[in-house]
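Inspection log for the structure reproduced underneath, given as structure tokens.
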Amino acid sequence: LKLLFQASFLLAFLLPFSAHAETVVPAGSNLSWNQTWTKEGSPYIIQGNVYVRFGSLTINPGTVVKLMNGVTVTLHADVHVTIAGTLEEPVIFTSFKDDSASGDTNGDGNVSAPAPGDWGYLSLGGGSTNNNMQVQHLKVRYGGAVPITYGSIYVGFFTASPTLLVDFPWFSGNPGIGYTVVT
């Protein structure tokens, strides 16, 4: 029994373990959030369309957000948004099939691969002219499964400019004042 305990103890330290958890974000509309997403809680898996109308969302450096097929995320202008990626640890929005960010979340090995159009779009600040959005070092991958008017990320206002529209695999739209697109 002592030998079995020692072997189990040794095996527990020799096997690799994940530094990340998995956080599921269910679908919903007209939501009010006051949330902080962290690298340790990554990946955040968005299961269905999300529309947040009020509150705040802070996303810390190194956080990975994975979206299921066709899913869209809309954060209204009344939501204070801080995406605080860094050069070394960007915030990543990507496909649920993307194994290169936070590992094989869908658990299928190499059976599926991410592709442009896997998920819809990320819309930040639509609906009014509030200036409560800070975005630094955000990487957006494999989105665009919606009409070309939204692309993979839409930042700005539905009825006024400036706006930033990024449509992968090429850039299109109006970068406006104060926005920088780094490829």
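Here are the numbers:
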read-out	value
Estimated distance in nm for a label pair at E88 and N34, the labels positioned 7 Å out from Cα along Cα-to-Cβ	3.2
Potential extension, N69-R53 segment - 0.36 nm per residue separation minus Cα distance	3.5 nm
Around P114: net Lys/Arg minus Asp/Glu count, Cβ-Cβ under 9 Å	-1
Carbon and sulfur %, accessible surface of segment 40-84 computed with the full protein complex present, 1.4 Å	52
Rounded to whole Hz, the Karplus (6.51, -1.76, 1.60) HN-Hα couplings of segment 77-82, x for glycine and proline	5, 7, 9, 6, 10, 10
Other-chain or far-sequence residues with amide H under 5 Å of H80's (modelled H)	G55, S56, L57
Length added when fully stretched, V111-V24, from 0.36 nm per residue minus Cα-Cα	29.1 nm
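The values are calculated or read from the model by the stated rules, or taken from the named source; none is laboratory data. In this text, all values refer to a predicted model and were calculated from it rather than measured experimentally. Heads up, the Cβs are rebuilt from the backbone with ideal geometry, glycines too, and the neighbour counts pull from every protein chain shown. Accessible surface is based on the protein model in full, side chains and every heavy atom, while ligands, DNA and RNA are left aside. Shrake-Rupley method; radii C 1.70, N 1.55, O 1.52, S 1.80 Å.
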